[in-house]
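Below: the structure, in structure tokens.
The values are calculated or read from the model by the stated rules, or taken from the named source; none is laboratory data. This is a predicted model, so every value here is computed, not measured. Positions of Cβ are generated from backbone atoms using ideal geometry, with glycine treated the same way; all protein chains shown enter the neighbour counts. To get the accessible areas, we keep the full protein, side chains included, count just its heavy atoms, and leave off ligands, DNA and RNA. Shrake-Rupley method; radii C 1.70, N 1.55, O 1.52, S 1.80 Å.
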Amino acid sequence: MSEMTEVPALELAALMCSRVCHDVISPVGAIVNGLEVLAEDDDEEMRDHAIKLITDSAAQASAKLQFARLAFGAAGSAGAEIDLADARAVIEAMTAGERVRIAWEAPAANMGKDYVKLLLNMVLIGMAAVPRGGEVVVKVEGEISAPTILVRSSGKTARIPDETSRFLHGPDTERFLDARAAQPYFTGAVARSLGLDIEARMEGEDFAIEAKPGG
């Protein structure tokens, strides 16, 4: 049985949907709260605060959904390519206001949508590796048709996320696969479907996750 089928497709889909809902529930809830203030409060200062809350939260929700569409969804037709500049814009919008800085080191090119899907998921893992904030460097090297993708994270207490160490290379029989762990499992599954070897490791005090063509 292949790695891609070790977790039933319906179960994995449900877990990834839970992940998306978790990511957007906070900004959507903030929008609802802001609308309630506008409906019930006549204080001008409170209304101005509510409008700013709604505006900022709507932008955050939109950015997270745009990211999820490319990272988890089936954007485009089979064989479609995505401009790496668009991938960069989606990443930077999603991380706006977060405690990480994105350093982009990728060519101006179109790349297969599944490689872009993998890159975005690797960025999520790179962010999880520096929970107190830091810098996440994104590199795309080699042939664009079969690239090497490297995400390196530096910051205080950088470490390999526990879910990544347990699930990147397949199911952990000693631990339940939940919505939090499904994302690194999904990342590894996408890499394997592309024929790429993927590895998460520490390089001194920095975290790195790399996917490259198998030897």
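Sort out for me the Cα centre separation of the range 22-83 from the range 127-160, rounded to whole Å.
Going from one Cα centre to the other spans 26 Å.
Which order do you get for 15, 119 if you rank them by accessible area with a 1.4 Å probe, largest at the top?
15, 119
So for the range 92-131, considering every pair of alpha-carbon atoms, how many percent are separated by more than 14 Å?
Counting every Cα pair in the range 92-131, those more than 14 Å apart make up 55 percent.
Using DSSP to define loop residues, name the GluC sites (Glu not before Pro) in the range 122-182 whose beta-carbon has at most 13 other beta-carbon atoms within 10 Å.
The qualifying sites are 143, 174.
Using only the alpha carbons, work out the radius of gyration and Dmax of the chain in angstrom.
In Å, with Rg to one decimal and Dmax whole: 18.6, 66.
Of all accessible surface on the chain at a 1.4 Å probe, what whole percent is carbon and sulfur?
C and S fraction of accessible area: 53 percent.
HN-Hα J couplings of the range 129-142 from phi, Karplus 6.51/-1.76/1.60, θ = phi - 60°, integer Hz, Gly and Pro as x?
6, 10, x, 9, x, x, 10, 10, 9, 10, 10, 10, 9, x
Give the relative contact order (percent, whole number) for the chain; include only Cα pairs under 8 Å separated by 6+ residues.
18 percent
Amide H to amide H under 5 Å from residue 102: which residues, 5+ apart in sequence or cross-chain, H placed 1.01 Å off N in plane?
136
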